[in-house]
Structure formats: C-alpha cells, structure tokens
Amino acid sequence: MTVTISAVHNTARLNGTLTFLNSGNEPARIRIYSAPQPANGAEPDGVPLVEMALRKPAGTVVDGVLTLATAVDAMIMQSGVATWARVINGNNELAWDCDVTDSKGNGFIQLPSTTLYAGGVTRLVLGTIV
C-alpha cells in the first residue's frame with residue numbers, strides 16, 4: 001500500500017519536525033558515527049566522530065523540504081569514515097538516524113568528505129528531509 005500526502009500536510013509535518021528539533025534549551029545536534037548503525041533508537045557503538053550544533057531555529061521549510069542549518073564548523077574528535085548520523089533535539093531526544101555521504105552522494109546528511117581526521121574541522125554541506 002502506498003500513502004501519498006498533500007503538499008499542505010507535508011509542510012505541516014516538516015514544520016512539526018522543526019518544532020521538535022528546536023525544543024529544549026540546547027541546540028539540536030547532528031552526531032556522526034563510523035561504527036555500524038544500530039536499530040533505530042538503540043545505543044550506538046563507540047563515540048561520535050564529530051558533533052555539529054544546529055542553529056535555532058534548526059533549519060527552514062521551503063517548497064516541501066526541511067533543510068538543516070549548522071551554527072559553525074565542527075571540530076572532529078575522532079578519526080574515521082563517517083557512515084551514519086543521529087539527529088537529536090535540544091532535549092537530547094532522538095529525532096532520526098540517517099545515512100551520511102560526501103557532497104557527491106545522496107545521503108540525507110552530506111559532508112565535504114566522509115573521511116574525517118581528529119583535530120580537523122568539518123561542516124554540513126546539506127541536510128534535508130522531504
């Protein structure tokens with residue numbers, strides 16, 4: 001069975017996601033991992049390679065797409081190859097897990113490169129939800 005929602009419903013859904021991300025005193029964050037991705041919501045193995053803080057508001061909804069917005073470049077804490085990300089809101093609650101690619105890929109989260117080196121910096125090239 002296929003479900004198709006209206007454009008108006010999709011915009012409301014995406015604005016609800018943005019409201020969820022903006023909840024809490026802290027900014028929403030993207031945590032990037034190299035370990036295998038666990039089941040949705042399960043504790044990840046290892047520590048994040050990098051954690052990127054999002055702005056408040058955490059993004060914008062335009063033409064049926066929620067685009068995330070980071071505040072600043074993020075310091076890479078661990079070396080590794082980024083494969084997936086966990087997005088959490090300002091209350092440290094799980095929003096979603098997703099794949100990570102470089103800017104040539106089609107991941108929900110895109111970085112300049114998926115090869116990250118401790119002590120360097122990286123930035124969000126693109127982070128979208130449709």
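Read the figures in this text as sums done on the coordinates, not as results from a lab. The structure presented is a predicted model; accordingly, all values stated were derived computationally and were not measured. So basically every Cβ, Gly included, is an ideal-geometry build from the backbone, and we count neighbours across all protein chains shown.
Worth pointing out:
- Put the Cα centre of the range 114-129 next to the Cα centre of the range 1-62 and the gap is 16 Å.
- Under-5 Å amide H pairs with Ala69, H placed in peptide plane, nonlocal only: Arg55, Gly59
- Net charge dipole, the range 10-130: roughly 260 debye, given to the nearest 20, about the Cα centre with Cβ charges of +1 for Lys and Arg and -1 for Asp and Glu.
- Placing unit charges on the Cβ atoms of the charged side chains and taking the dipole of the chain about its Cα centre, the candidate lying farthest along the positive direction among Thr114, Ala39, Met52 is Met52.
- Subtracting the Cα-Cα distance of Glu26 and Val8 from their residue separation scaled by 0.36 nm leaves 3.5 nm.
- Volume per residue that the Cα convex hull of the chain spans, once the total is divided by residue count, Å³: 114 Å³
- Counted over the range 67-111, the DSSP beta bridges are approximately 60% antiparallel.
- Karplus (6.51, -1.76, 1.60) ³J(HN,Hα), θ = phi - 60°, over the range 25-36, in Hz, Gly and Pro reported as x: 7, 8, x, 5, 9, 10, 9, 9, 10, 10, 5, x
- Orientation-averaged projected area, Cα convex hull of the range 73-130 (nm²): 4.2 nm²
- For the chain, built as a Gaussian network whose Cα springs stay under 10 Å, the top-fluctuating residue of Ala28, Ala39, Ala69: Ala39
- Spin-label model, Ser103 to Met1: label points 7 Å out along the Cα-to-beta-carbon direction sit 4.3 nm apart.
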